[in-house]
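The structure appears below as structure tokens.
The values are calculated or read from the model by the stated rules, or taken from the named source; none is laboratory data. A quick note: this is a predicted structure, and the numbers were derived from the prediction, not measured. With ideal geometry, Cβ positions are generated from the backbone for all residues, glycine too; neighbour counts draw on all protein chains shown.
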Amino acid sequence: MGGCDDSTTTSWAYGTQAFRIQNAPISDSGGSSATVTACAMLLDAPVIPFPRALLPPPQKSTPPAFYIANAGPSKGAGLFAACDIPAGDAILSDRPVAVVPSNVNAPWKREAFDALLPRISRISRDALLALANCKPLSEYPVVEGIALTNAIQVHLPVSSSAAPQEYGGVFPTVSRANHSCGLNTAVKWDLSSFSVTLYALRPVRAGEEIHIQYVDVFAPRAERRAQLARYGFECICPHCDLPDADAVARSDAARAELRDWRHLHPRFLPWSTDMCRADDDIIVSNLRALALVKQEGLYGMQVPFIEEIALSYAVLGDELRFREWAQQVVDLCAGQDPERASKFTGWMAEPQSYKEWGWRAKQRLLLDRQKPPVDVDISIPW
Ligand SMILES: [Zn+2]
């Protein structure tokens, strides 16, 4: 483990911020020293120093669940599944080789970004420089160009008084994944292990290309294409390569509906105690959301819908269906959101431990009993 403090005093001022280069407290097989590290970071001074010992990244599967190969003439290298990967499984973990600030446009930018390179160990530097760069070297320092092409947002421990500064990490392996507007994986950053893990959002078949998102996938196709132009390509994913204007309008409308779903559709909590509403209100609504998720490949947002269906069955006291949906939450969240997974595991072990278990079923029974007796038609139909 290398130290997190370093000896350089060079700092670059930007408004009230003062950026300087720090070593990430990790090493690669080439080791690390006070001046060379597996990952150099250009950070604003108020970033709180890192803990000295970071956890190792989550264990990678052996053999790896992915491989890198050519993804086609216009796409270059891409990431592919080496085996069938179940939904919710971790595919790989990756540590950054550089962490840089986003949206800093200062005259010293080239000097500071260039100063990062000699601070990065040989192994990490080779991995960094092997990545695609869609920005011309004449206009952007090489590390910035590579970061603008590949960086993934990372959350760093920033002291509360600091101006909110966003940071991007350049990851040698995850950055190989190409963009699609329909996603089969999600990326999760974990500070305690200083790594990102790529999780399967749905079952991924062996040989299937693994995609991540570069732009807001809820935006209409035209907007997505405009945003992707800065990466120098036109998206030809199945959700952009559509046959006609009607198909584009349908896809745009579905994405907009999913983005605004929470404002447009009935919510679980008010429904759970409102007996004037139909018992299947929330289930029907969330099933529609899941159909749109599938249509547009936006699997990253499916868990809250599945969760609400599970909880609706809990409130309805339908144990069989509750288990069926709760199991999906557990499978999808085991790696990415273990807290949520264990909550559902507990309820599956003992459904009655869910506070509102069967509440609507009991109310429905009481209401039915209170109903005035139905007039029995005793007229004889002849
Ligand atoms: Zn697309």
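Laid out as a table, the results:
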quantity	calculated
Residue match in the stretch 185-208 (condition: in a loop (DSSP other than H, G, I, E, B) and polar (S, T, N, Q))	no
Qualifying residue in the stretch 133-150 (condition: among the hydroxyl-bearing types (Ser, Thr, Tyr) and closer than 17 Å to PHE19 by Cα)	no
Among (1) over 25 Å from ASP331 (Cβ atoms); (2) part of a helix (DSSP H, G or I); (3) within 16 Å of the ligand (Cβ to nearest atom) - the single one GLN295 does not satisfy	(1)
Identity of the residue in the stretch 172-200, under 10 Å from the mean Cα position of the chain (by Cα) and within 16 Å of the ligand (Cβ to nearest atom), that ends up nearest to VAL293 (Cα to Cα)	LEU183
Which numbered condition MET301 misses (of (1) surrounded by fewer than 18 Cβ atoms within 10 Å (Cβ to Cβ); (2) in contact with a helix residue (DSSP H, G or I) (Cβ under 7 Å, 6 or more places away or on another chain))	(1)
Hey, ALA289 surrounded by fewer than 21 Cβ atoms within 10 Å (Cβ to Cβ), out of contact with any strand residue (DSSP E or B) (no Cβ under 8 Å at 6 or more places or on another chain) and not assigned by TED's automatic domain parsing to the domain that holds TRP189 or not	no
Residues (touching a residue at least 60 places away in the same chain (Cβ under 8 Å) and either over 23 Å from the mean Cα position of the chain (by Cα) or outside the structural domain of ALA69 (by TED's automatic domain parsing) (or both)) located in the stretch 131-152	CYS134
Checklist (1) within 10 Å of the ligand (Cβ to nearest atom); (2) surrounded by fewer than 19 Cβ atoms within 10 Å (Cβ to Cβ) applied to GLU208, failing item	(1)
PHE50 buried (at least 16 other Cβ atoms within 10 Å of the Cβ) and at pLDDT 90 or above	no
Qualifying residue in the stretch 137-145 (condition: touching a Cys at 6+ places or on another chain (Cβ under 9 Å) and either within 16 Å of the ligand (Cβ to nearest atom) or under 25 Å from PRO304 (Cβ atoms) (or both))	no
Any hit, the stretch 233-247, residues being assigned to a helix (DSSP H, G or I), within 15 Å of the ligand (Cβ to nearest atom) and closer than 17 Å to GLU296 by Cβ	yes
Scan of the stretch 211-232 for residues that are part of a loop (DSSP other than H, G, I, E, B) and either within 23 Å of ALA147 (Cβ to Cβ) or near the ligand (Cβ under 10 Å from one of its atoms) (or both), ordered by number	GLN213, TYR214, VAL215, ASP216, VAL217, ALA219, GLY232
Boolean, ARG250 is away from the ligand (no atom under 12 Å from the Cβ), at pLDDT 95 or above and part of a loop (DSSP other than H, G, I, E, B)	no
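Residues are listed down the side, and each one gets a yes or a no for (1) over 30 Å from LYS135 (Cα atoms); (2) surrounded by 12 or more Cβ atoms within 10 Å (Cβ to Cβ):
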| site | (1), (2) |
| --- | --- |
| TYR231 | no, yes |
| LEU242 | no, yes |
| ALA245 | yes, no |
| SER251 | yes, yes |
| ALA254 | yes, yes |
| LEU258 | yes, yes |
| HIS265 | yes, yes |
| PHE268 | yes, yes |
| THR273 | yes, yes |
